[in-house]
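**Q** Right, I'll just put the structure down here and ask away after.
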Amino acid sequence: MKGKTHVLSGFILGTALCAKLDIAAPVMISCMLGSLFPDTDHRQSLLGRGIPLWLFIKPHRNNILHSLAGLGIMSVVWALITMSLAHALGFAGGYLAHLTLDTMTKSGIRWLWPDKRRFSLWAYVKGASELIILFIFYTIVIATISIL
């Protein structure tokens, strides 16, 4: 997935969460940052240019940043930085959205890192454009939040 797809997914999720939970809009920024953070292991990523974790954590999509462990650790770090549970949950939501979208790529991701198994839904979505995948993501987010 491309950076703009990830940031748009973070924006969609963040907007829906802020509206549903009646929380401050800055939480949406945390959600958008979370949706971009896993790609800091790639030098050309939107956030990777400013936070060059690719210098230390390699290779792209084959490390802790693209896993549930990375989601947990980085969400705790974000909670400590922001001193806010709402921001940490927004960040975690965006991070989870990123991992979910990357699961729809051909290479998939290692959700259970350091386990070597890769998970991919490519067989089900191949040929679909990122716009269609984003529309499906949006529909699922809105439907889920509306019933909660």
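**Q** Residue by residue through the stretch 46-54, which ³J(HN,Hα) values in whole Hz follow from phi under the Karplus form 6.51 cos²θ - 1.76 cosθ + 1.60 (θ = phi - 60°), with glycine and proline marked x?
**A** 4, 7, x, 5, x, 10, x, 5, 4
**Q** How many Lys pairs in the chain lie less than 17 angstrom apart by Cα atoms, where the lysines are 8 or more positions apart or on different chains?
**A** 5
**Q** Farthest toward the dipole's positive end in the chain, which of Trp113, Ala92, Ser9, given Cβ charges of +1 (Lys, Arg) and -1 (Asp, Glu) about the Cα centre?
**A** Comparing the listed Cα positions along the dipole, Trp113 ranks first.
**Q** About the Cα centre, and with charges only on the beta carbon of Lys, Arg (+1) and Asp, Glu (-1), how big is the dipole of the stretch 40-148? Nearest 20 debye, please.
**A** Here the stretch 40-148 has a charge dipole of around 400 debye.
**Q** Return Ser107, Ser9, Ser129 ranked ascending by Cβ neighbour count within 10 Å, so the fewest neighbours appear first.
**A** Working: Ser107 14, Ser9 28, Ser129 10.
Ascending Cβ contact count within 10 Å gives the list Ser129, Ser107, Ser9.
**Q** Could you work out the per residue convex hull volume over the alpha carbons of the chain, in cubic angstrom?
**A** Taking the convex hull of the Cα positions in the chain, it is 108 Å³ per residue.
**Q** Based on other C-beta atoms within 10 Å, arrange Phe137, Phe119 from fewest to most. Mind showing how you got there, number by number?
**A** On the way: Phe137 20, Phe119 12.
Exposure proxy ranking, most exposed first: Phe119, Phe137.
**Q** Counting other beta carbons within 10 Å of each Cβ, put Thr139, Thr103 in order, fewest first.
**A** Neighbour counts put them in this order, fewest first: Thr139, Thr103.
Where a number appears in this text, it was derived from the coordinates with a stated rule and is not lab data. Owing to the predicted nature of the structure, the values given are computational and were not obtained by experimental measurement. Cβ: placed from backbone, ideal geometry, glycine included. Neighbour counts: every protein chain shown.
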